[in-house]
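Accompanying notes for the structure given below.
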Amino acid sequence: DTEVTQTPKHLVMGMTNKKSLKCEQHMGHRAMYWYKQKAKKPPELMFVYSYEKLSINESVPSRFSPECPNSSLLNLHLHALQPEDSALYLCASSPGYRGWDEQYFGPGTRLTVT
Amino acid sequence: AQKVTQAQTEISVVEKEDVTLDCVYETRDTTYYLFWYKQPPSGELVFLIRRNSFDEQNEISGRYSWNFQKSTSSFNFTITASQVVDSAVYFCALSLMNSGYSTLTFGKGTMLLVSP
């Protein structure tokens, strides 16, 4: 099973809502990632989890709150978002966290903030 | 500073044409890893290939081939006999160590449009 799944596929939320994005992998990978991708741009790294611990936070605003409940699951909790946060949110996983580890991406959640 | 440049923003070809996507990178590290990913309209990035800085052998996989040249800091990607299903955005990426963890620095991507 070489699949990373993400739910929901699409999400529309108001600026006062609280919602969560979910990511799951069953490949036994030890590192998981959240990326944000705006239209016609490359993915931008937000967070890295390694062995269920937050390893990298790329200065992401606190309205984005990641959580890694176990080695297979990664959540991104959203609260009080702004319209400019509308984007495709991609989850990825890799066997380890070293330079040679290729990342496997999920299909993404397309988020619209109204 | 580390950087990946994909100078071609968009390329349009007709089916069965060969097409080369350019990637130039900058890094001061002697050990690094380069990747190509494909992102079709569905949105999911698909891993295509990894190459480490010590292995300059070219690679061929079906209609895909990659030419890695350290002398010019380039890692170009060629699709032979392109097909409509090859239409996608292709990203070249450099793997860096950030606080002990690897992170990917992506180029801006090249959108490939293959028409019938």
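Any read-out appearing in this document is the output of simple, stated calculations on the displayed coordinates, not a laboratory observation. These numbers come from a predicted model, not from an experiment. Virtual Cβ from ideal backbone geometry, glycine too; neighbours counted across all protein chains shown.
Using the Cα centre as the reference, give the magnitude of the dipole from point charges on the C-beta atoms of region B:1-98 (Lys, Arg: +1; Asp, Glu: -1; all else neutral), rounded to the nearest 20 debye. Write out the running numbers ahead of the final one.
Numbers: 8 positive and 12 negative charges, 48 e Å.
Roughly 240 debye, rounded to the nearest 20.
Calculate one ³J(HN,Hα) per residue across region B:78-94 by plugging θ = phi - 60° into the Karplus curve 6.51 cos²θ - 1.76 cosθ + 1.60, and present them in order as whole Hz with x for glycine and proline.
In residue order, the calculated couplings are 10, 10, 8, 6, 4, 10, 4, 5, 7, 4, 4, 9, 10, 10, 9, 9, 10 Hz.
Sticking with the crude label model, points 7 Å out along Cα→Cβ, report the distance from residue A:44 to residue B:63 in nm, one decimal please.
If labels sit at residue A:44 and residue B:63, their model points lie 3.5 nm apart.
If Lys and Arg each add +1 and Asp and Glu each add -1, what is the summed charge of the other residues whose beta carbon sits under 11 Å from the beta carbon of residue A:105? If you can, show how the numbers build up before the last one.
Details: positive: B:38; negative: A:3, A:102, B:44.
Within the 11 Å Cβ shell, the charges total -2.
How large is the Rg to Rh ratio of region B:1-50 when both quantities use alpha carbon positions and Rh follows Kirkwood?
Numbers: Rg = 13.6 Å, Rh = 13.3 Å.
Result for region B:1-50 is an Rg/Rh of 1.02.
Treat each spin label as a single point 7 Å out from the Cα along the C-beta direction, and report the residue B:96 to residue B:5 distance in nm.
Each label point lies 7 Å from its Cα, and together they span 1.6 nm.
Report the Cα-based extents of region B:61-100 along its three principal axes, largest first, to the nearest Å.
41, 23, 15
Which of the lysines could a cross-linker span from residue A:22 if the Cα-Cα distance has to be under 18 Å and same-chain partners fewer than 8 positions apart are dropped?
List returned: A:9, A:36, A:53.
Residue farthest toward the positive end of the dipole of region A:16-88, with Cβ of Lys/Arg at +1 and Asp/Glu at -1: which of A:68, A:56, A:86?
A:86
In chain B, with Lys and Arg counted as +1 and Asp and Glu as -1 at Cβ, which of these residues, B:81, B:41, B:92, has the Cα nearest the positive end of the dipole, that is, farthest along it?
B:92
What's the average, rounded to a whole number, of partner chain beta-carbon atoms within 10 Å of each residue's beta-carbon in A:101-109?
Across the residues of A:101-109, the mean count of other-chain Cβ atoms within 10 Å is 5.
Tell me which cysteines of chain A come out unpaired when the rule is another cysteine's Cβ under 4.7 Å.
So, A:68.
Rg(Cα) of chain A divided by 2.2 N^0.38 Å? Display every interim value, and only then the final one.
Working: Rg = 13.3 Å, N = 114, 2.2 N^0.38 = 13.3 Å.
That ratio works out to 1.00.
Hey, for a label at residue A:18 modelled as a point 7 Å past Cα toward Cβ, could you say which residues of region A:51-65 have their backbone N under 14 Å away?
Residues passing the 14 Å test: A:63-65.
Testing the spin-label approximation: label points 7 Å from Cα along Cα→Cβ at residue B:111 and residue A:57. State their distance in nm.
Placing both labels 7 Å beyond Cα along the Cβ direction yields 3.5 nm.
Provide the per-residue ³J(HN,Hα) series for region A:37-53, in order, calculated from phi with Karplus coefficients 6.51, -1.76, 1.60 and θ = phi - 60°, each as a whole number of Hz, with x at glycine and proline positions.
10, 8, 4, 6, 10, x, x, 10, 5, 10, 9, 10, 10, 10, 6, 6, 10
Could you work out the local net charge near residue B:82, counting Lys and Arg as +1, Asp and Glu as -1, over the other residues with Cβ closer than 11 Å to its Cβ?
That sum, taken over residues with Cβ under 11 Å, equals -2.
Where the convex hull is taken over the Cα atoms of chain B, what is its projected area averaged over directions, in nm²?
One quarter of the hull surface, i.e. the mean projection, equals 7.2 nm².
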